[in-house]
Every structure is written in structure tokens, then in C-alpha cells.
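Every read-out reported here was derived from the displayed coordinates using simple, explicitly stated rules and does not represent laboratory data. Note that this is a predicted model, so its numbers are computed, not measured. Positions of Cβ are backbone-derived with ideal geometry, glycine not excepted, and every protein chain shown enters the neighbour counts.
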Amino acid sequence: MSLAIEAVAFKRPKTGFARTLTEELKGSYDRMTNHPIVQEVEAGKASLKLIRGFTREFLPIVRGTYRRMSMRLQHAAAHDYELQNALLKEVAEEVWHTPMYLKWCKKIGVKVPEDFFEMYLPETYAFVLYIDATSTGRATLEESSGRVFEREAFDGFNNYSQQSSLVQTIAATGLALRGFPFAADKLADGFMKHYGATKDEVEFWSEHGTLDLDHADVGVDIVDRYATTPELQRRARESAIVSTSLWLNQWDAIYRKYGSN
Ligand SMILES: [Fe+2]
């Protein structure tokens, strides 16, 4: 299900940077694809407690994605319609993911909103707040966290361009996403095979699987074409590494709290 927005080809040439970065992140992607949560679901060994805990901690990511994706558009230059088109297309597709997720919650016995009254794991807040900061408030990244990369910007005028914010937010979401589609395929299969879920009930997971790898590839492609200087590449690289690590930390924390019993 999606709104039909035709993709427009990018005019900016490829730099090859994203390939280097995705190779560097490959270990983290594999760790997500083969995470114990995923392996246990795939083998039918995950307890309902683990699956429900995972489902609960995942909601803040799903719930804020349409907003984060909409806010990313602020980083597109006024004349750059190819970029605007690519980002809008993702927003349009994202609209349908919340109802898919609520359908999954219902299937697995997670009640909305009752089961969400308790606080989330601190690791969930850390990941969600990071991806929120990159998409919505670039001042949070630039000033509050004191990350200044360029010598000339340390104590002078603020030269943080729209483009550096763009590559930071796309790297935090698009590049960090790369290991997830492979995990989502396994989760969808495991839920159908061992937990009595129908194709329709696992639609959220299969929609984010490798069939829809386009989602992840758009991010990779944008970072590749827009991170054109060493400074921009440094920003994209750090953002992708931070985001991927925080997401994995969240999955580890979920497993520690809900797994193995
Ligand atoms: Fe989504």
C-alpha cells in the first residue's frame, strides 16, 4: 500500500563514499540481522514475554517516523526538487506503517495504550532522541552536544550548512537502517511459522523487509551524492555509527530485560 509518487532521478553524481561507509558498518548490520532476538523468533524459541517487550519498545520508533521523515525535508534546498521528491516519497509510504504496526500489536496481545504506560528502557530513549535530534533540531546536535568538526567554526560564525544537517540526518536514519530489512524478513517468517501470525498480521515486518530495500537504498544514495567533502563525510560517518550503535544497544537492552526465560 502506498501513495503513488514517481521517483525522480538525482542529477548529482555518485561519489562512492556510501559504499566505503556501508562496508565499515557491515559488522553492525550483521549484528542486527543475527541478533539473538531475531534468531530466537526465527527458531520459534522466543517467549511471548520477549516478543511483547520488543514490540512495546519498538513503538516509539514507529510512531515518530512519519514526523522525523517530514522534518528531514527542512534540510532540502529550495531548488532541489529531486531530493524533495525522494524525501516526500518516503513520507508518503510511511503513512501506512502505523496502522500496520497497531495490527501487529493486536495480534501479539500488546494493548494500546494500556501496555505503554510504563516507562521505556533508557536505551530506547537514547536511540529515539538521537534520531529525533538529527531530523528535527540541528541546534541540539551542533550546540548542546558540542560537536564541532570544522576548526574555523569553533568560535566564529556558524557555518553549518543545510547540507551537513542533511547528511547527518539521512546517515542516522537511512544508513543505520541497512541491517534492519534482513532482520525484518526473518521476524516476519518466524512470526508466521511459529506464532500463528497471518501474512496480513506481519505486514509491518514484511513491508520493512528486503522486498522494500528501496527505503534503505534511498538513504545510502543520498549520503553518497551529497556528502561531497571530507567534512560532510566525517559528519555522515559519525552520525551513522552513533545511530547504529544506539539502535543495537536498544536491542541488547531489550534482550537483557525480556529474553532468556
Ligand atoms: Fe516505516
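Over all pairs of distinct alpha carbons, what does the Kirkwood formula give as the hydrodynamic radius of the chain, in Å?
Values: mean 1/r = 0.0525 Å⁻¹.
Computed over the chain, the radius equals 19.0 Å.
Mind checking which lysines have their C-alpha under 25 Å from K111, skipping anything on the same chain fewer than 8 residues away?
K45, K49, K103, K186, K193, K199, K257
Show me 31-44, 172-185, 226-239, 189-202 ranked by packing, highest mean number of other Cβ atoms within 10 Å first. The partial results should precede the final answer.
Details: 31-44: 17.9, 172-185: 24.1, 226-239: 19.6, 189-202: 16.1.
The packing order, highest mean first, is 172-185, 226-239, 31-44, 189-202.
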